[in-house]
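Heads up: the structure comes next, in structure tokens.
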Amino acid sequence: MNCSQAVELLSEYYADALDENIVVEIKTHLIECQPCVGIFDDITLIVTTARILQDGEHLPYPDEQILWQRLSIARH
Amino acid sequence: MATVADVETLEPAADSDVDLARRAAEGEDAAFEALYHRHFRRVYSLCLRMLGNPTEAEDLTQETFANLYRKVGSFRGDSQFTTWLHRMTVNQVLMHFRKRSVKMEKTTFEGETPIQIVKGTENANRMPVIDRIALESAIQQLAPGYRSVFVLHDVEGYEHEEISRMLGIAEGTSKSQLHKARLKLRDLIRKQAALN
């Protein structure tokens with residue numbers, strides 16, 4: 001397996017959604033290829049960071065009350 | 001025989017989502033307003049992430065709650081209210097995309113440079129440690145098709161099978177777009193880090 005083939009499969013590898021023989025090929029490739037390990041680590045970091053975005057704590061929110069007033073006008 | 005305690009657990013708790021939805025459906029404005037304030041942030045944040053534009057997100061939040069006002073009577077309590085409203089929000093955004101003729105499957109990386117790995121150079125370009133703000137900013141720069149799949153899968157936790165149904169795309173396309181979205185995010189974060 002070369003780098004392009006490995007990179008193409010890294011999300012599925014992360015999701016544990018590949019056949020065992022493909023998993024073995026990727027594992028073997030990653031043992032000897034630091035650049036691909038780097039890409040896999042980055043994908044892992046993106047996915048784990050995305051998981052904590054769901055609470056939305058850090059987002060800038062518009063004024064809830066003004067939007068409520070707009071909604072009230074639209075409803076009536 | 002059911003005890004008082006059993007009956008109490010079967011009844012919706014006062015001011016639960018189910019109770020508020022029932023009362024809102026009966027025309028109680030205060031109940032609808034309580035639902036709005038309870039779920040406003042959740043709906044807005046989902047709209048913002050999928051649209052990548054605060055003004056459009058405000059408009060779609062308003063449209064979603066206007067739609068909720070009309071349809072709250074159809075909530076049967078088969079699923080959690082939050083799940084039901086979440087799906088309603090996603091549908092509202094997708095309808096907006098369709099009006100704007102955003103083609104979910106035609107979003108590609110055409111014209112962009114594919115990842116080229118040169119042995120011994122890649123680690124120098126590793127993505128820096130990222131925080132929420134950096135990732136949010138990168139998400140907003142994704143093309144709509146990639147952004148929708150990434151937000152629905154990696155942020156909101158939907159499975160590819162559900163996403164394919166919602167977006168009207170093949171499950172394989174959902175998987176492929178998710179992977180491309182992750183690689184694109186990595187690229188955007190690295191470029192941003194290089195500018196800082």
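Table: residues versus (1) more than 10 Å from every other protein chain (Cβ to nearest Cβ); (2) in contact with a strand residue (DSSP E or B) (Cβ under 8 Å, 6 or more places away or on another chain); (3) over 22 Å from B:Ala134 (Cα atoms).
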residue	(1), (2), (3)
A:Cys3	no, no, yes
A:Lys27	yes, no, yes
A:Cys33	no, no, yes
A:Asp42	no, no, no
A:Ala50	no, no, no
A:Gln54	no, no, no
A:Glu57	no, no, no
A:Gln65	no, no, yes
A:Leu71	no, no, yes
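Does segment B:151-167 hold any residues that are acidic (Asp, Glu) and either away from chain A (no Cβ under 12 Å) or surrounded by fewer than 23 Cβ atoms within 10 Å (Cβ to Cβ) (or both), and which are they?
B:Glu156, B:Glu159, B:Glu161, B:Glu162
Taking the condition in a helix (DSSP H, G or I) and within 12 Å of another protein chain (Cβ to nearest Cβ), does B:Val43 pass?
Judged against the criteria, B:Val43 is a match.
Scanning segment B:133-185 for residues that are part of a helix (DSSP H, G or I), among the acidic types (Asp, Glu) and within 18 Å of B:Leu51 (Cα to Cα) returns B:Glu136, B:Asp154. A:Ala15 meets each of the listed conditions (1) over 16 Å from B:Asp131 (Cβ atoms); (2) more than 9 Å from every other protein chain (Cβ to nearest Cβ) apart from (2).
Of the residues that sit in segment B:163-196 and are basic (Lys, Arg) and touching a residue at least 60 places away in the same chain (Cβ under 8 Å), which one is nearest to A:Tyr14 (Cα to Cα)?
If we take residues in segment B:163-196 being basic (Lys, Arg) and touching a residue at least 60 places away in the same chain (Cβ under 8 Å), then B:Lys180 is nearest to A:Tyr14 (Cα to Cα).
Every number in this text was worked out from the coordinates using simple rules, so none of it is lab data. Keep in mind it's a predicted model, so treat the numbers as computed, not measured. Positions of Cβ are backbone-derived with ideal geometry, glycine not excepted, and every protein chain shown enters the neighbour counts.
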